[in-house]
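Q: Can you keep this structure in mind? I'll have questions shortly.
The values are calculated or read from the model by the stated rules, or taken from the named source; none is laboratory data. Computed from a predicted model, the values in this text were never measured in an experiment. Neighbour counts run over all protein chains shown; Cβ positions are idealised from the backbone, glycine included. The protein model used for the area step is the full one, side chains on, heavy atoms only, and it has no ligands, DNA or RNA in it. Shrake-Rupley method; radii C 1.70, N 1.55, O 1.52, S 1.80 Å.
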Amino acid sequence: MTIKKSFGSKKPRLSHRDREVLKELTGDLPTTPEPYLELAGKIGISEKEFLTRARKLLREGYLRKVGAIISPSRAGFRANGMTVFKAPSKSVARLGKKLSTYPEVTHCYERVAPPDFPYNLYAMIHGRTRKEVITRVRKIARELNLDEYQILFSTREFKKTSLRPLG
Amino acid sequence: MDKLDARILNLIQSGFPLEKKPYRELARQTGIPEPDLVRRIKILKKKKIIRRLGGVLNSERLGYPGALVAARVPARGLERLARMVGNHPGVTHCYERKGRLNFWFTLQTKSRKDLAAVISKLEKESGIRFVCLPSRKRFKINFQIEF
């Protein structure tokens, strides 16, 4: 199998310490009054150094955010419909941008479309019920003039976790 | 969940303070005593409305190539394959979905070479052919749910 080029190929230089801070920060923060003191202690640095490095990692974009990760299903959004659209290649960029403006769309990507699955625009659409998702997708499809699509509802969740630094 | 919980959730989804006493700072911002705030956060965690409190990595910035991978898998083979695939630390999402392609997962690896190697190793071990769907462009990735 060949993997075509996608983004994310530039190798950043991160120090060993920074990687340790990233590893600690991508776990679950303690609910004790001084959580960073605890995490800093685990890797043997001062709380001040830990916080300085953490702020730098956030500022430089290694971290998208520090905060609470919400489970959409537990928050009442039980239906999760990955919707795949067939978009004309000349307008896929414009349509992707438009799709992203809908608040119910949480993720939106253009993907390489293999011959046996000819969809190139992917949007994750959440709703309280499947019916709500279907209604929303129909409206979007109509407004963007995208009539070839499939909603792939999830029927079972095998794994859902957050990425930790690799290797 | 009441209005105050909603306010706390809206606040801490993106702005958890990188400060010595983050809960005290959040208590100040919401105008409630720190122990009350912490108690509410603990309950939201217990109910799993908050899945985790912490940092979210930017895999693109870290230079991790990733792909969405799909397969057509007979129903009886799904759980076994899910266990096999789920063992890889770079697999963060794995779902059964409706449709001809019924098994979906996301994979991130340290290098492009690793990405191809992991996929072909999983194909060999499982005897399942994977459809690899690398992203060309990301238009949106949203981590904020407004309450």
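Q: Over the protein assembly as shown, what percent of the accessible surface lies on carbon and sulfur atoms, probe 1.4 Å?
A: It is 51 percent, rounded to a whole number.
Q: State the answer as a single residue: which of A:35, B:99, B:67 lies farthest towards the positive end of the charge dipole of the protein assembly as shown, with beta carbon charges of +1 for Lys and Arg and -1 for Asp and Glu, about the Cα centre.
A: B:99
Q: Roughly how many Å² of residue B:141 are accessible to a 1.4 Å probe, to the nearest 10?
A: About 50 Å², rounded to the nearest 10.
Q: Residue A:36: accessible area at probe 1.4 Å, nearest 10 Å²?
A: Accessible surface of residue A:36 is approximately 0 Å².
Q: A follow-up question, please. Checking an interface number: how much accessible area is buried between A and B, summed over both chains, with a 1.4 Å probe, in Å² rounded to 100?
A: Between A and B, the summed buried area is about 8500 Å².
Q: So what does the Cα-only Debye profile of chain A read at q = 0.11, 0.13, 0.19, 0.20 Å⁻¹, as log10 I(q)/I(0), no solvent term?
A: Listed by q, the Debye log ratios stand at -0.66, -0.85, -1.18, -1.23.
Q: Could you tell me the convex hull volume per residue, in Å³, taken over the Cα atoms of the protein assembly as shown?
A: Here the figure is 141 Å³ per residue.
Q: Which one of B:128, B:89, B:117 has its Cα pushed farthest toward the positive end of the charge dipole of segment B:66-134, where Lys and Arg give +1 and Asp and Glu give -1 at the Cβ?
A: Comparing the listed Cα positions along the dipole, B:128 ranks first.
Q: Taking the Cα centroid of segment A:66-141 and of segment B:37-105, what is the distance between the two, rounded to the nearest whole Å?
A: Result: 17 Å between the Cα centres.
Q: Another one. Which whole-Hz ³J(HN,Hα) couplings does segment B:128-136 yield from phi under the Karplus relation 6.51 cos²θ - 1.76 cosθ + 1.60, θ = phi - 60°, glycine and proline marked x?
A: Per residue, the Karplus-derived 3J(HN,Hα) values read 9, 8, 9, 9, 9, 10, x, 7, 9 Hz.
Q: Taking the solvent-accessible surface of protein heavy atoms with a 1.4 Å probe, what is the per residue accessible area of the protein assembly as shown in Å²?
A: Per residue, the protein assembly as shown has 50 Å² of solvent-accessible surface.
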